[in-house]
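Asker: First the structure, then my questions, so here it is.
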Amino acid sequence: MKKFCLDRTDIRILSAIQKHGQLSKAKLAEIANISATPCWARLDRLKAAGFIRGYHADIALDQITNFTQVVVTISLTHHRKSDFDRFEAFICGLDEIIDCVATGGGMDYVIETMTPDLAAFQALMDTLLAAELGIDRYMTYIATRRVKSSRPNLEKLITRDRS
């Protein structure tokens, strides 16, 4: 697979989109420090290449409803590809699981759940266990407050990669 070559202007465009979401042609061009027409052409090229997966709003959920957020670490009994595939396919079908990361080391997965209350979280865990996904053990951590939630600084991340 050929690696797509991004220049500093592409990175500025991607960073602006990541930080602000959809922007007008004029505003995006201003941030990227190029004129509007070439900026929009670059944006179209970046979209076509798959660098932009979508646009999302950061909703103040705590102002809309009460919810319970729980972080769960999970270890599977067996470590065959088929075990991981089965677990991951099941997880992807559950709306209550909002994030899942496969990890190396002591635990196989770290998942983040969001449910209306603790009873709904327990029902979710019961569903996971009843599905016979090969869960050996899990640990739960109730989130009490979000201290930080952000996306990586794209320009800093790529600068280190190119050094």
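Asker: Within the range 6-40, can you find the residues that are part of a loop (DSSP other than H, G, I, E, B) and surrounded by 15 or more Cβ atoms within 10 Å (Cβ to Cβ)?
Answerer: Matches in the range 6-40: L6, L23, I34.
Asker: Right, something else. Any chance the range 41-51 includes a residue that's in a loop (DSSP other than H, G, I, E, B), in the same structural domain as L124 (by TED's automatic domain parsing) and over 17 Å from the mean Cα position of the chain (by Cα)?
Answerer: Within the range 41-51 (the criterion being in a loop (DSSP other than H, G, I, E, B), in the same structural domain as L124 (by TED's automatic domain parsing) and over 17 Å from the mean Cα position of the chain (by Cα)), the answer is no, since none of the residues qualifies.
Asker: Does at least one position in the range 117-132 carry a residue that is assigned to a loop (DSSP other than H, G, I, E, B), modelled with pLDDT under 95 and of a type outside the set (V, I, T)?
Answerer: yes
Asker: Looking at D95 and the list (1) assigned to a loop (DSSP other than H, G, I, E, B); (2) modelled with pLDDT of 95 or more; (3) within 28 Å of A16 (Cβ to Cβ), which single condition is not satisfied?
Answerer: Result: D95 passes all but (3).
Asker: Just checking, does the range 114-121 include any residue being surrounded by fewer than 16 Cβ atoms within 10 Å (Cβ to Cβ) and β-branched (V, I, T)?
Answerer: Checked the range 114-121: no residue is surrounded by fewer than 16 Cβ atoms within 10 Å (Cβ to Cβ) and β-branched (V, I, T).
Asker: In addition: Which ones in the range 45-61 are surrounded by 11 or more Cβ atoms within 10 Å (Cβ to Cβ) and among the acidic types (D, E)?
Answerer: Within the range 45-61, none qualify.
The values are calculated or read from the model by the stated rules, or taken from the named source; none is laboratory data. A quick note: this is a predicted structure, and the numbers were derived from the prediction, not measured. Positions of Cβ are backbone-derived with ideal geometry, glycine not excepted, and every protein chain shown enters the neighbour counts.
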